[in-house]
Structure formats: C-alpha cells, structure tokens
Amino acid sequence: MHRIPFTCVEAGLAGILMVPLFVWLRSHLGISWRRTMGYFLFALYLAAVDSMVGLPSITYVRFSLNVNLRPFAYMFSDFLPSVLNVILFMPLGVMLPLFCQTFRPLYRTVIFGFLFSLSIELLQIFTIRATDVNDLITNTVGTFLGWCAARAILQLFPAIIPKLSADEIRMVCVLTFGVMFFLQPFLAGWFWSRFPL
C-alpha cells in the first residue's frame with residue numbers, strides 16, 4: 001500500500017509549489033485569506049487525484065491506446081478498483097457545492113464530475129494507464145455520492161456560505177494541472193532520488 005503515502009507526498013510537493021502562487025494571487029486579486037485557503041484545499045485535492053490516476057507530465061508522455069469501452073466489463077469480478085474510484089471522487093462532489101453556489105444543483109456537480117473524469121480518461125491515453133469507461137462510471141457515481149454528503153452537511157449547517165465562483169473553480173483546476181504538468185515532476189524527481197519510498 002505504498003500508493004497512499006506516495007500520493008500524499010506527490011500532492012504535498014505540488015502544494016509547496018502552489019503556496020507562493022496562491023499568495024501572489026491573493027495579493028494581486030485582493031481576495032481574502034479564507035478564499036485563498038479554499039483555493040489551496042481544492043488544489044491539493046486535485047493534485048492528489050492527478051498523482052493517484054497517473055496523468056502525463058512534461059517528463060512523462062507515452063502514447064498507449066489501451067481502451068475499454070465495454071461498460072461493467074470486469075467491474076464486479078475486480079471490485080476493489082471500482083470502490084476506490086468512487087471514494088476518490090467523493091471529495092469532489094462534497095467540495096464543489098460547499099465551495100461554490102453554482103454547484104449546489106445536483107446536475108451541475110455531476111456534469112462537472114463526469115467531464116473531469118472524462119478529461120482524465122482521455123489524458124490517460126498518453127500514459128501507460130488504461131482508458132476505461134468503467135472508471136468514468138464509478139468516478140461519476142463518486143461525485144454524486146459526494147454531492148449527497150454535501151447536501152446532508154448543508155442541511156445540518158445551513159449557514160455555510162460558499163466563497164468561490166465557478167470561474168475560480170476552473171482557474172484552480174487549470175493552475176493545479178499546469179503545476180502538476182510543468183513544475184511538480186522536477187521537484188518530485190529530486191525528492192524521490194534522495195528519499196526513495
């Protein structure tokens with residue numbers, strides 16, 4: 001189970017690179033520390049997802065057309081990866097409606113989760129990972145379950161006021177994946193060469 005500590009370290013290294021970026025954004029855009037922390041938490045989650053699913057980076061791009069377009073093929077015989085995909089995407093379904101008013105309606109959160117997962121699956125064509133319709137299904141289910149959890153949280157704590165806009169959510173996505181593609185691989189390479197897991 002080296003994957004969880006590996007993912008935590010990879011996301012943490014991305015976080016180190018993103019701290020000055022978000023501090024600069026805070027001063028440049030005149031936003032509050034609370035909103036900046038929302039950016040940062042969401043960015044750390046996205047960095048962890050990037051690391052967990054193995055997206056391409058500037059130091060690693062391999063074209064591999066390993067595609068499964070048959071829904072539910074092998075999903076139930078090898079159930080653990082499906083469960084892990086659901087769990088991986090539940091925080092997305094929780095954070096979107098809690099951080100952003102735009103994603104309070106179910107369909108907007110689920111569509112975002114679906115498109116986010118579809119982007120990952122298409123990018124995995126440029127890695128040695130498989131592009132699998134089952135991952136798309138389980139990731140979307142995870143987003144839906146996360147939205148259900150967020151709805152329960154909002155019923156318990158109706159005073160929660162979302163601080164981020166949909167444009168800010170998209171901006172954090174672009175910045176995070178930019179850092180993960182262009183910068184983080186070099187810091188990670190340096191780190192793992194000195195502290196192998």
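Points worth noting:
- Counted residue by residue at 0.36 nm each, then reduced by the alpha carbon distance between them, the extension gain from residue 67 to residue 19 reaches 13.6 nm.
- With a 1.4 Å probe rolled over the protein heavy atoms of all chains, the accessible area of 125, 169 falls in the order 125, 169, largest first.
- Pairwise centroid distance, computed over Cα atoms, of the range 10-76 with the range 106-142, Å: 14 Å
- Cα gyration tensor category, rounded, prolate or oblate, for the chain with a/c compared to 1.5: oblate
- Local electrostatic count, residue 29, Cβ distance below 10 Å [Lys/Arg +1, Asp/Glu -1]: +1
- Per-residue Karplus couplings for the range 39-49, computed as 6.51 cos²θ - 1.76 cosθ + 1.60 with θ equal to phi - 60°, are listed in order as 3, 5, 4, 5, 5, 4, 4, 4, 5, 5, 4 Hz, Gly and Pro entered as x.
- In this structure, the amide hydrogen of residue 132, modeled 1.01 Å from its nitrogen in the peptide plane, lies closer than 5 angstrom to those of 68, counting only residues at least 5 positions away or on a different chain.
- Counted charge near residue 102, where neighbours are those whose Cβ lies closer than 11 Å (Asp, Glu -1; Lys, Arg +1): +1
- Computed over the range 126-166, Kirkwood Rh from alpha-carbon pairs, angstrom: 12.8 Å
- Over all directions, the projected convex hull of the C-alpha atoms in the range 7-97 averages 8.3 nm² in area.
The values are calculated or read from the model by the stated rules, or taken from the named source; none is laboratory data. Not measured: the values here are computed from a predicted model. Here the Cβ is made from the backbone with ideal geometry for all residues, glycine too, and neighbour counts use every protein chain on show. Protein only, heavy atoms only, side chains kept; ligands, DNA and RNA dropped before computing areas. Shrake-Rupley method; radii C 1.70, N 1.55, O 1.52, S 1.80 Å.
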